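Down below is the structure, laid out as structure tokens.
The values are calculated or read from the model by the stated rules, or taken from the named source; none is laboratory data. Just so it is clear, the structure is predicted and the values come from calculations on it, not from any experiment. Cβ atoms come from the backbone with ideal geometry, glycine included; neighbour counts cover every protein chain shown. Surface accessibility is based on the protein's heavy atoms, side chains included, excluding ligands, DNA and RNA. Shrake-Rupley method; radii C 1.70, N 1.55, O 1.52, S 1.80 Å.
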Amino acid sequence: NYLIHNEKENALAATRILANSRYAQGFIFNSFKRSSSVSYLGVDESVFKPMGLKRQRLVLSVGHLYSVKRHDLVIRAVSLISEDQRPQLKIITDSKWSLGQQTFLEELAKNLKVDLEVLVGISDDALV
């Protein structure tokens, strides 16, 4: 598998590896026999803060449009919510080059009657 080979090559070449959780730290060690430091992902609290706005019925999924990110599972999960209660799903990505995956996800959502919007390369300000 290209992805696994590429990740192993990267892990072996790195002088330092950061993991975003203890789970990921264990995965890195078990997969590549490399130690890593945990650095939890942060949120810019000056941008992402309570604004007193009315809540929306919305599910948000953020990440590259690679199949391993499993946005399809989010679509399938949302489709299990009764249609009269089903929230909109937004996927935020910077994967401008994943048109095939985006098309697959949009077709899946359409077939499962999930209101999907894919937002590519938006700024933090636009996200808020």
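Of all residues in the range 77-128, which are out of contact with any Leu (no Cβ under 8 Å at 6 or more places or on another chain), under 30 Å from residue 46 (Cα atoms) and acidic (Asp, Glu)? Hits for the range 77-128 are 94, 124, 125. Across the range 88-128, the number of residues qualifying as farther than 16 Å from residue 58 by Cα, in a loop (DSSP other than H, G, I, E, B), out of contact with any His (no Cβ under 8 Å at 6 or more places or on another chain) and not hydrophobic (A, V, I, L, M, F, W, C) comes to 3. Of all residues in the range 17-34, those that are over 17 Å from residue 6 (Cβ atoms) have Cβ atoms under 6 Å from Cβ atoms of residues that are surrounded by 12 or more Cβ atoms within 10 Å (Cβ to Cβ) and not aliphatic (A, V, I, L, M), 6 or more apart or on another chain, in 19/25; 19/36; 25/36. Residues of the range 1-51 that are surrounded by 11 or more Cβ atoms within 10 Å (Cβ to Cβ), of a type in the set (A, V, I, L, M, F, W, C) and touching a helix residue (DSSP H, G or I) at 6+ places or on another chain (Cβ under 8 Å): 11, 17, 19, 28, 32, 38, 47, 48.
A quick yes/no check of all residues on (1) at pLDDT 90 or above; (2) touching a Lys or Arg at 6+ places or on another chain (Cβ under 9 Å):
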| position | (1), (2) |
| --- | --- |
| 75 | yes, no |
| 94 | no, no |
| 117 | yes, yes |
| 122 | no, no |
| 125 | no, no |
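Which residue is most open to solvent (accessible area, probe 1.4 Å), if the candidates are limited to the range 76-87 and must be assigned to a helix (DSSP H, G or I) and of a type outside the set (A, V, I, L, M)? Among them, the one singled out is 76. A single member of 73, 60, 65 is open to solvent by less than 100 Å² (accessible area, probe 1.4 Å), under 30 Å from residue 10 (Cβ atoms) and touching a residue at least 40 places away in the same chain (Cβ under 8 Å), and it is 65. For the list (1) exposed (fewer than 14 other Cβ atoms within 10 Å of the Cβ); (2) touching a Gly at 6+ places or on another chain (Cβ under 9 Å), I need the number of the one condition that residue 93 fails. Every condition holds for residue 93 apart from (1).
Quick check on my filter: what residues within the range 86-126 are touching a residue at least 12 places away in the same chain (Cβ under 8 Å) and of a type in the set (Phe, Trp, Tyr)? Please lay out each step first, then the result.
Residues of the range 86-126 touching a residue at least 12 places away in the same chain (Cβ under 8 Å): 86-96, 98, 101-102, 104-106, 108-109, 112-122, 124-125.
Correct list: 104 only.
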